[in-house]
1. Can you pull the percent of Cα pairs in segment 76-129 with separation above 12 Å?
2. Roll a 1.4 Å probe over the protein heavy atoms and report the accessible area of Met635 in Å², nearest 10.
3. Sort 714-726, 428-440 for me by packing, meaning the mean count of neighbouring Cβ atoms within 10 Å per residue, highest on top.
4. Express the accessible area of segment 149-307 per residue in Å², computed with a 1.4 Å probe while the remaining protein chains stay in the model.
5. First select every other residue whose beta carbon is under 15 angstrom from the beta carbon of Glu216; then total the charges, Lys and Arg +1, Asp and Glu -1.
6. Over segment 190-298, with every protein chain in place, what whole percent of the accessible area is carbon and sulfur at 1.4 Å, could you tell me?
7. Test of understanding: what is the full-extension gain from Arg795 to Ser565, defined as 0.36 nm times their sequence separation minus their Cα-Cα distance?
8. With point charges of +1 on the Cβ of Lys and Arg and -1 on the Cβ of Asp and Glu, referenced to the Cα centre of segment 250-305, which listed residue (Thr281, Gly253, Leu271) lies farthest in the positive direction of the dipole?
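The values are calculated or read from the model by the stated rules, or taken from the named source; none is laboratory data. Given the structure is predicted, the values throughout are model-derived calculations rather than measurements. Cβ sites come from the backbone with ideal geometry, for glycine too, and all protein chains shown count toward neighbours. Only protein heavy atoms, including side chains, enter the accessible area calculation; ligands, DNA and RNA are left aside. Shrake-Rupley method; radii C 1.70, N 1.55, O 1.52, S 1.80 Å.
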Amino acid sequence: MIDATGTPPLATDVDGVGALAMAFTVLVDAHPDAAYLLDLDGRFLAVNDALCERVQADRASLLGQTFDDTVAAIDLRFVRKKFGEAARGESVQYEASGVRPDGTDFLAQITNLPVRLGGETVAVVGCAVDVSDRAHALQRTRASEDMLRLAGRMARFGGWSVDARTKRIRLTDDTLRMFGISTEIPLTNEVAWNLHPPGDRERVAGLLQRCLDTGESFDVESTMVTTDGTRLTVRTIGEAERGSDGSIVRAHGAVWDISEYAVERGRARDLEERLATSLRTISDGLIFLDASWRVTFVNPRAEELLGRQAAELVETDLWSVYPSTIGTPFETAFRQAANSRESVVHQEWVELTERWVDVTIYPVETGVVLHMRDATADVSARERELDTTRRLAEQAALLDIARDAIIVRGLDHRVRYWNRSAAELYEIPVAEALGAVVTELIYDDLDEFNAAADEVMREGYWAGELMQRTRGGRSIVADCRWQVLHGADGEPEAVLCVNTDITAYRREQETRARSQRMESLGTLAGGIAHDLNNVLTPILMSAQLLAHDERDPGRLELLATLESSVKRGAEMVRQVLAFARGVEGRRESISMDNLLDDVETYARDALPHTIALEVNRPESLASSTGDATQFMQVMINLLLNARDAMPEGGRLRVTAAIEQHDTEVVSIGHTASAGEYAVFSVEDSGHGMTPDVVAKVFEPFFTTKDAGKGTGLGLSTTLAIVRSHGGFLQVYSEPDHGTCFRVGVPISSTVEQSRPTLADGEPLPQGAGEHVLVVDDEEFVRRITCQTLEAHGFRTTQASNGQEGIDFIESGGDPVDLVITDMMMPVMDGAATTAYLEEHHPEIPIIAASGLTSHGDSSASVGMGVSRFLPKPYTTSLLLRTVRDTLHEHESTRADRE
């Protein structure tokens, strides 16, 4: 029953629901949000003032009414459904819209919680928060939720009463069960008071007596002990009940177990104390502000950084403390953090403490947290660094026109200065280089760099060469001079680097060294070739001479094998001489298009199917001048090398193009003149070569092939042919990335007429008794040459050097019709001999023989009295035909003169 005053009386039997209504009234009557207690039929058992004000009705008119007669909800069915869920024991929170008595719309957040007695739901406690303006209602919503959570913990509660006259204590069954007292045994005052331990007992008894004497209500938290010794923290509320005459007839109230709440509260207090201790002792400053910018907490470090006490700041608006910051970046940072809900970092100068402070503003639900760190040392260091960089930049500006790359890097290897020459050398703009790590910009080999960097820090200066790279990936060799720069305090601050590009100089050095090495090898090879030709000549002619009269097939086969082997050896010597002296040959117009056609045809026949051939060519190629056979030999050598570099197959690309070079072209061992070139590139995808192999690959007899699979003369001969034609040869190779050879042949319209070659199908010429003087320091060469000539109708005389031969002629003996002389002899060589004979005996024709020429066409040696040239080792056929042609030409010349 509810009386007209709206206060639920405690029934004579101490009704549990009545005690609940009394507790509700005490707890939430002054709460700012609408709160209510409903029975399971939805009727109001208790309401607070806020609800009465919200619906514009008094308490008496509301009590006993159902909520759906009072609430102006738009979706009443939904509201009833949610109430039913709470009545069945579920906790419910939802939002509902409605219309206020003044006709305005509202949105309410409603929370309904079941209240249980003895394990059964007996009522529903609820709270309605007007969230039409959510920002203003957020804090009240949280407080209401706290209140409802507290009300939910009222499940362990009961009622009590004390008669004013008899002082008899009565407890409800729920209260008895709470303290472990049997409901079957009458309760005595002694048992009831023994539930209170000493100290708390006197305090509660005093409050109760005052209530009975004066009618003063009370609300007290104390400790009570159950019959099994369990200590409970309880909350007891009480008030006086008066009779019809106004006298106090009894005191009654409610008591509930708040032990769990007390434990949680204790834990929260401990946590709060530990957190407060941590916040007070942290090395950085912390300030908490609420949503209205009021300071709620300041730790000691923040006091120190700001130069103000916490008492001056707490509960004070931030902008009233620092009005000068309004409208500055400081305020902008705060607003940005609050609006974006993201942290913002700002740096501010604190005038009171003369410090720079880094402030990180963290937005939180209740406002913002300021984390402050003393940045004075960092700012000073940064200013010193900027000052140093500025000073160095001013000094380096004087060197900006220098050709050397000038770089200033910090001890962290970040670039502080990068002059114009550095930008040009490394192809990296100044703006991009500044602040970047220098090792990431221009170095690949960090071991070399780190070793140099360690030494310059240890010694103060370092000089040496380092491999560096440009942005485009081009490798360069830099001559580096590094100097440590010190600050005002004498400590190292940076490193000044002066780097000079010496790539071209090192390449020229390598080219000169290679050229000298190859020249030395050429000289050595030439000497060896001369001696070998002198050895091979008598063997070859002896084999041919013996075969002339031999009829035994077996012996003829042996002599043919011997002759073939000698010719093979002579060919190897010829290749050595080609490397040593260059290659002679015909000079005639060559169609580069036809040459490329022949190369493609040969390649498709010679290459295995596992190698894919690709030929790239322009529509037409200009003609060049030279020996087509030798050019074909060059291309075949390169194709075969490419094939051997790809034993598992791969890709072979042949490219032809016309290139104009305005400056000299760097080649292997020499430089080619500027001009227009037909350029052929042979590129394979094979295993490639290391730089060491590339440096030696053109040396004679050097090969990377297995024994018996290469002579090591192919590329040296190729180089000699290209060089003799005034062209260039270049090679690019990397291990596992293939090799590319580039052959450049100058384009020229000048054509030399080729000299006629000997016909091999004619019968061997025979002599008619002509007298031939053979001059050679090699006895075996003289002997076999004379035997061969005598076997074919000539008479011969031998001389071991030029002086001996001249002495024979001057002796006036048998007249000499022809002289065959070696060019390299002791005492008197071939050149001196031919010069003497030309002056004193011009009527005697001369044939010059030598093992130092790699081709039978040696026009450069013809002249100065020499009619023909005979290259060693020579065959019987070549010897006899050369002698015949020389004698016939001499006879024709003499006849013309007569």
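1. Looking at segment 76-129, the distances longer than 12 Å represent 65 percent of pairs.
2. Met635 exposes around 10 Å² with every protein chain in place.
3. Working: 714-726: 23.9, 428-440: 14.5.
Order by mean packing, descending: 714-726, 428-440.
4. On the way: 8420 Å² over 159 residues.
Accessible surface, normalised per residue, equals 53 Å².
5. Around Glu216, the charge tally is 0.
6. Details: 2910 of 5900 Å².
Its accessible area is 49 percent carbon and sulfur atoms.
7. Numbers: separation 230, 0.36 × 230 = 82.80 nm, distance 2.99 nm.
Net length gain for the segment: 79.8 nm.
8. The listed residue farthest towards the positive side: Gly253.
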